[in-house]
Amino acid sequence: MSKRILILGAGFGGLAAATELRKGLDHDHHVTILDRKRSFMMGLVKLWILEGSRRLEDSQTPLDGLKAKGIEYLNDEVTMIDTTSNQVQAKDHGWIKYDYLIVALGAELVPDRIAGFVGRGYNLYDAQQVPKLRDRLLELKRGSVAVTIMGMPYKCPPAPYEASMIIDSLLSSRGTRSSVDIDIYSPAPVALPVAGPQVSASIIETLSQRGIRFNPSHKLRSVSDRLEFENGNLVDYDVLVGIPPHRAPEVVTRSGLVEGDWVVVDRSTMKTRFANVFAIGDVTEIRVGNVGLPKAGIFAEEQGKVAAKQIISELSGKPANAAFAGQGYCFMEVGNRRAGYLEADFFNPAGPIIRLEAPSEQNFQKKQDFEITRVKEWLL
Ligand SMILES: Cc1cc2nc3c(=O)[nH]c(=O)nc-3n(C[C@H](O)[C@H](O)[C@H](O)COP(=O)(O)OP(=O)(O)OC[C@H]3O[C@@H](n4cnc5c(N)ncnc54)[C@H](O)[C@@H]3O)c2cc1C
């Protein structure tokens, strides 16, 4: 019997899941992916746009490429998920029936949750704003740049540190670095709570070698001519770079899939408590001790593959033995086209193991390959 597997969200996780499903299922079964965007761009490309080695207009790959891979792509907005009648409502396509559903809608950014930020600050996670931020930094002669983490959790925990080091090299190449201060403000007491105190200390050391100050326990309350923090500190700034608060997409919350702040899943199978409904990537929360597994593409991808393999096993009547293992890695940029390598095993029975390798040009090259190989496999 022909089945329809519906994937909501053609981002990192959704594309990985669709590719895996198409590889493992015969063409009697339909794989459909729905997204309001017409193209895909990996989050990490925003850092290259900031650095100046990429342009936004050259970095988007059309989702139309899915058709040639045997995957149906619907360009639409999800407006409701009904897990009792196995249907999803989309703005233009109406109600769509599914046999299996994979929710891969990511995390939503809420910059207006911090009064005064919109209009005064640049949202580092908004691809449209990054070129404008770069232009502003290039014209800055003196003053201060404030890089502010406005809420926890946020995707790609090292990204604000990478952006700060890219800003450092950008200003150095313009000859203005010595007259510009760079400060990072975070609500957390250490740089990367999920990576523990040792890795956090080594990141702060790398930042301080570049004259970048890390200000822990600074939760932004509001923005005017100054930044006002909840600890009472008032700070002047010339350029404000913000990583806005994140939340589960409104449609996921409205549809009753969220418990606490995010979608809860079985951490091995990615199954939700709803029949035949999986959730993967940034929309989910997997607790590791008293912190959540970082929101990162590498995990969304792996979880997408696991959900796909679970469905393939069920449809072919074979035992489902694919399991998400909580392992991943990322390349942490330090400016001047060099990157460190961060490797993690979050489900290690004796506690998470996180290893940070020193920056090198080879790691930066590997980061570029990381993007190219995936875009090719998923869309070209
Ligand atoms: C600056 C930056 C650097 C990063 N660097 C790295 C890195 O080096 N390594 C790494 O692993 N991760 C990195 N990440 C994180 C990574 O991009 C995310 O964790 C990853 O994209 C999450 O995948 P996802 O599939 O859960 O969600 P997403 O990739 O965000 O996809 C969600 C999709 O759902 C769609 N959608 C949402 N709501 C609706 C709706 N109502 N209707 C229709 N469509 C909808 C969106 O348009 C989107 O395409 C970085 C992120 C940023 C911002």
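We did not get these values from a lab; they are worked out from the coordinates using the rules stated. The model shown is predicted, which means the values in this text are computed figures rather than measured ones. When we count neighbours, we look across all protein chains shown, and the Cβ atoms used for this are built from the backbone with ideal geometry, even at glycine.
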Just for segment 115-253, what percent of DSSP beta bridges are antiparallel, to the closest 5? 25 percent
Relative contact order computed over the chain (Cα-Cα under 8 Å; 6+ residues apart), in percent: 19 percent
Taking Cα pairs under 8 Å and at least six residues apart, what relative contact order does segment 111-240 come out at, in percent? 31 percent
Extension gain (nm, one decimal) between SER224 and LYS132, 0.36 nm per residue minus Cα-Cα: 31.1 nm
What FRET efficiency comes out for ASP238 versus ASP112 if R0 is 30 angstrom and r is the Cβ-Cβ distance? Round to the nearest 0.05. 0.85
Could you give each residue of segment 219-228 its phi-based ³J(HN,Hα) in whole Hz, using Karplus coefficients 6.51, -1.76, 1.60 with θ = phi - 60°, and x for Gly or Pro? 9, 5, 9, 7, 10, 9, 5, 10, 8, 10
If one computes P(r) from the Cα atoms of segment 111-240, what percent of pairs lie at distances over 21 Å? 38 percent
For the chain, evaluate the Debye formula with one uniform point scatterer on each Cα (no solvent term) and list log10 I(q)/I(0) at q = 0.08, 0.09, 0.10 Å⁻¹, rounded to two decimals. -0.42, -0.53, -0.65
On a 26 Å Cα-Cα criterion, which of the cross-link pairs LYS91/LYS309; LYS3/LYS69; LYS37/LYS367; LYS97/LYS155; LYS67/LYS309; LYS67/LYS132 come out too long? LYS91/LYS309; LYS97/LYS155; LYS67/LYS132
Antiparallel DSSP beta bridges within the chain, percent to nearest 5: 50 percent
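Roughly speaking, what is the stretch gain from ILE353 to SER179, that is 0.36 nm per residue apart minus the C-alpha to C-alpha distance, in nm to one decimal?
Value of the extension gain: 58.7 nm.
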Report the residue, chosen from LYS91, LYS46, LYS155, that carries the largest GNM mean-square fluctuation when the chain is represented by alpha-carbon nodes joined by springs under 10 Å. LYS91
Inter-part distance where segment 187-262 and segment 157-173 are each reduced to a Cα centre, Å: 16 Å
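Rounding to the nearest 20 debye, state how big the charge dipole of the chain is about its Cα centre with +1 on each Lys and Arg Cβ and -1 on each Asp and Glu Cβ.
The dipole magnitude comes to about 260 debye.
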Label-point separation, ALA201 to ASP58 (7 Å along Cα→Cβ), nm: 4.3 nm
If you place +1 on the Cβ of every Lys and Arg, -1 on the Cβ of every Asp and Glu, and leave all else neutral, what size is the dipole of segment 111-240 about its Cα centre, to the nearest 20 Debye? 160 debye
Fully extended contour minus Cα-Cα distance, from ALA275 to MET80, at 0.36 nm per residue: 68.5 nm
Using the charge dipole of the chain (Lys, Arg: +1 at Cβ; Asp, Glu: -1 at Cβ; taken about the Cα centre), state which of VAL88, GLY116, SER178 has its Cα farthest towards the positive end. SER178
Compare the Cα positions of VAL251, ALA307, ILE372 along the charge dipole of the chain (+1 at Cβ of Lys, Arg; -1 at Cβ of Asp, Glu; about the Cα centre) and return the one farthest towards the positive end. ILE372
Identify which of ALA296, ALA275, ALA18 has the largest mean-square fluctuation in a Gaussian network model of the chain, with springs joining Cα atoms closer than 10 Å. ALA275
GNM of the chain, Cα pairs under 10 angstrom: of SER268, SER316, SER200, the biggest fluctuation goes to SER316
